[in-house]
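**Student:** Take this structure, written in structure tokens, and hold onto it; I'll ask about it next.
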Amino acid sequence: MIYKNREIIVLKSLEQIIGRAVEMWTGIAENAVKDRGFFTAALSGGRTPVRLYQTLGENTSLPWNRTHIFIVDERFVPFDHEDSNYRMINDTLLQHIKIPAEHIHPVTTEDDDPCYSAEKYEQDIISFFKKSGSNVPRFDLILLGLGDDGHTASLFPETPALKETLHLTASVTPPGKFKKERITLTFPAINNAEHIIFLVTGDSKAEVVREVIETDSSLPAAMVRPENGKLIFLLDKSAGSLLSG
Ligand code: 6PG
């Protein structure tokens, strides 16, 4: 179903969602490698994508030697910390695939200042895309999750990073229940992507999914509107259960 330049796909089970996500990943990766010789993907943390990353990690036919993996957002903790998104993505995907080490672009968190980490990450992104011949970083694929408060990446409601229009990254002090400082991609990076896939499952997300997709919401996830890219919501039946369509 196409709604407001978005494609909303509701599937019965997590396994069906993973299957469709792998199909999409494969098509996007193969086209990118054919067109430009490499594929760039920025991955989110959280619980939802774990099964997808594990499934991708078992896939030996994807062009991993032409793939560059970036991180959508990171908690300002060491790589071996239980809250580290890099650690989760490495455990589930990176250590299982034949990807050159220099194709992995984590957010370095050993600096003593999250702002400095955010600046360094932005420089890494800019220099990577410059070296690849494009001045404006445009990820082939950005995989996003959705928090029940409407956040995505580490772009939380009513935080200054939502207003960033120039820089590709920002350091964020998340609200209350989220403990650690974060570094996140901002809308200038996210909304310039060629494909953005929201992967959302579970009853707890049904109301925020409805609000983001079917109302003129100002929640951060509703501000994800790629200028000239494709936006896909990949939902299980529970997360899509309150959609009118
Ligand atoms: C993070 C993620 C975050 C996540 C949502 C949904 O660092 O936690 O990037 O934006 O995608 O919070 O998380 P779940 O998939 O665990 O529901």
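**Student:** With equal scatterers on the alpha carbons only and no solvent term, can you work out the Debye log10 of I(q)/I(0) for segment 13-116 at 0.11, 0.14, 0.22 1/Å?
**Tutor:** Scattering profile of segment 13-116, log10 relative to I(0): -0.35, -0.56, -1.22.
**Student:** Also, quick follow-up: Taking the highest mean first, how do the peptides 226-236, 157-167 order by number of other beta carbon atoms within 10 angstrom per residue?
**Tutor:** Taking the mean over residues of other Cβ atoms within 10 Å, the ranking is 226-236, 157-167.
**Student:** While we're looking at this one, here's another question. What lysines does Lys34 reach when the alpha-carbon gap must be under 22 Å and sequence neighbours fewer than 8 apart in one chain are set aside?
**Tutor:** By straight Cα distance, Lys34 reaches Lys98, Lys130, Lys131, Lys230.
**Student:** Also, I was wondering about something else. Report Rg(Cα)/(2.2 N^0.38 Å) for segment 90-245, keeping two decimals.
**Tutor:** Cα-based Rg divided by the globular estimate yields 1.09.
**Student:** On to the next question. Which ³J(HN,Hα) values in Hz, rounded to whole numbers, follow from the phi angles of segment 101-112 under the Karplus curve 6.51 cos²θ - 1.76 cosθ + 1.60, where θ = phi - 60° and Gly and Pro get x?
**Tutor:** Result, rounded to whole Hz: 3, 6, 8, 9, 10, x, 7, 6, 10, 8, 5, 9.
**Student:** Relative contact order for segment 95-245: what percent, with Cα pairs under 8 Å and sequence separation of 6 or more?
**Tutor:** Across segment 95-245, relative contact order equals 23 percent.
**Student:** I've got another one for you. Place a +1 charge on the Cβ of each Lys and Arg in segment 168-245 and a -1 charge on the Cβ of each Asp and Glu, then give the dipole magnitude about the Cα centre in debye, rounded to the nearest 20.
**Tutor:** Magnitude of the dipole: close to 320 debye.
**Student:** Same structure, new question: How many percent of DSSP beta bridges within the chain run antiparallel, rounded to 5?
**Tutor:** Antiparallel bridges: around 30 percent, rounded to the nearest 5.
**Student:** Also: How large is the dipole of the chain about the Cα centre if only Lys and Arg carry +1 and Asp and Glu carry -1, each at its Cβ, rounded to the nearest 20 debye? Write out the running numbers ahead of the final one.
**Tutor:** Details: 26 positive and 34 negative charges, 134 e Å.
Dipole magnitude for the chain comes out near 640 debye.
**Student:** Only helical DSSP H runs with n ≥ 4 go in: add -39500 (n - 2.57) per run for the chain, normalise by residue count and round the 222 nm mean residue ellipticity to 500 deg cm²/dmol.
**Tutor:** -9000 deg cm²/dmol
**Student:** Rounded to the nearest 20 debye, what is the charge dipole size of segment 77-142 about its Cα centre when +1 sits on each Lys and Arg Cβ and -1 on each Asp and Glu Cβ?
**Tutor:** Charge dipole of segment 77-142: 560 debye, to the nearest 20.
Only the coordinates and a few stated rules stand behind these numbers; no lab work does. This is a predicted model, so every value here is computed, not measured. Counting neighbours? That spans all protein chains shown, and the Cβs are built from the backbone with ideal geometry, glycine included.
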